[in-house]
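The values are calculated or read from the model by the stated rules, or taken from the named source; none is laboratory data. None of these values were measured; they are calculated from a predicted model. Cβ placement follows ideal geometry from the backbone for every residue including glycine, while neighbour counts extend to all protein chains displayed. Note: accessible area is taken over every heavy atom of the protein model, side chains too, but ligands, DNA and RNA are not part of it. Shrake-Rupley method; radii C 1.70, N 1.55, O 1.52, S 1.80 Å.
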Amino acid sequence: MDGNIPSPEVFTHVRVIIGIILGLSISRLLTGVARIIQHPLRKNIYPIHLGWVFFTFLTVVHFWWFEFYLHQTLVWKFEAYLFVIFYASLHFLACGMLFPDSMDGYSGYENYFMSRRAWFFGLLMAIFLVDFADTAMKGREHFHSLGPVYPLRNLFLIAVCGAAAYLREQRMQWLFLSLALVCQLVFILIQFDTI
């Protein structure tokens, strides 16, 4: 099929599907936090879990922000469209891992989070790995414009998430959370404070 749709209209179409998936991701996080606020004693709050909720919220919002650079993509093929949907879906799955549909069988969020941490951190690692391909898709010039900080940040977050998936000790979990939050916030403020 020969596509004659102008690039801005294709980008709008892609932006809509990304918006739907990421909107569901944020909705999942906000609904989970609202349930904790509504019933704080019933949910056995776990501060490390809430810290990763904030990190994931920040990561989803950041993803939505920097995907604006896809407007530079002049030719859209189905593979690129499918890739962007897959990438956005990884964010949704990470958000879904933070707030399960049911807490049956778990004594609270600490018990749940620690038992599912390999899945959660595995999804975060996949997000930062896939980000390399997403950034490359926006063009060589864009990739290089981010400088050496960009790949170092991704590799650092992959290592932090890998260690957090493996180690259960609370002090280490606090350390990993702190490192990830500082890294993410500094990178956003340095690289992506304006479009």
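Just one of the listed residues (L82, L29) is closer than 22 Å to V182 by Cα, at pLDDT 85 or above and of a type outside the set (D, E, K, R), and it is L29. Applying the set (1) of a type outside the set (S, T, N, Q); (2) touching a residue at least 40 places away in the same chain (Cβ under 8 Å); (3) part of a helix (DSSP H, G or I) to R168 leaves exactly one unmet item: (3).
Matching residues to (1) hydroxyl-bearing (S, T, Y); (2) closer than 26 Å to Y166 by Cβ:
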{"residue": "R35", "(1), (2)": "no, no"}
{"residue": "K43", "(1), (2)": "no, no"}
{"residue": "P47", "(1), (2)": "no, yes"}
{"residue": "F78", "(1), (2)": "no, no"}
{"residue": "L98", "(1), (2)": "no, yes"}
{"residue": "D101", "(1), (2)": "no, no"}
{"residue": "Y106", "(1), (2)": "yes, yes"}
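Return the residue satisfying two criteria in turn: it lies in the range 74-105 and is in a loop (DSSP other than H, G, I, E, B) and open to solvent by 90 Å² or more (accessible area, probe 1.4 Å), and of such residues it is farthest from I21 (Cα to Cα).
The first filter runs over the range 74-105 and keeps only residues in a loop (DSSP other than H, G, I, E, B), leaving 74-77, 99-105.
If we keep only those that are open to solvent by 90 Å² or more (accessible area, probe 1.4 Å) too, we end up with 74-75, 77, 101, 104.
On the way: L74: 23, V75: 22, K77: 20, D101: 18, D104: 27 Å.
Residue satisfying both the conditions and the ranking: D104.
Candidates are the residues of the range 143-169 that are open to solvent by less than 20 Å² (accessible area, probe 1.4 Å) and under 20 Å from I190 (Cα atoms); the one that is modelled with the lowest pLDDT is L146. Looking across the range 36-57, just one residue is closer than 28 Å to L157 by Cβ and charged (D, E, K, R), and that is K43.
Filtering the range 106-117 to residues that are surrounded by 14 or more Cβ atoms within 10 Å (Cβ to Cβ) and among the hydroxyl-bearing types (S, T, Y) leaves Y106, Y109, Y112.
Being open to solvent by less than 60 Å² (accessible area, probe 1.4 Å), within 30 Å of P40 (Cα to Cα) and either outside any helix (DSSP H, G or I) or of a type in the set (G, A, S) (or both), is that true of even one residue in the range 123-131? No, the conditions are met nowhere in the range 123-131.
Would you please name the residue that is surrounded by the most Cβ atoms within 10 Å (Cβ to Cβ), looking only at residues in the range 132-142 that are in contact (Cβ under 8 Å) with a residue 24 or more places away in the chain and on the phi < 0 side of the Ramachandran plot? Walk me through it before giving the result.
We begin by selecting, within the range 132-142, every residue in contact (Cβ under 8 Å) with a residue 24 or more places away in the chain; these are 133-134, 137-139, 142.
When the remaining residues are screened for being on the phi < 0 side of the Ramachandran plot, the result is 133-134, 137-138, 142.
Details: A133: 10, D134: 21, M137: 17, K138: 19, H142: 14.
Filtering first and then ranking leaves D134.
Restricting the range 44-62 to residues that are at negative phi and not in a helix (DSSP H, G or I), the residue that is least open to solvent (accessible area, probe 1.4 Å) is Y46. With respect to the conditions (1) buried (at least 20 other Cβ atoms within 10 Å of the Cβ); (2) outside any helix (DSSP H, G or I), F120 falls short on a single one, namely (2).
Among the residues of the range 171-194, which ones are loosely packed, with under 15 Cβ neighbours inside 10 Å and assigned to a helix (DSSP H, G or I)? Steps first, please.
Step one: filter the range 171-194 for residues loosely packed, with under 15 Cβ neighbours inside 10 Å, giving 171-172, 174, 178, 182, 185-186, 189-190, 192-194.
Across the range 171-194, the qualifying residues are R171, M172, W174, S178, V182, L185, V186, L189, I190.
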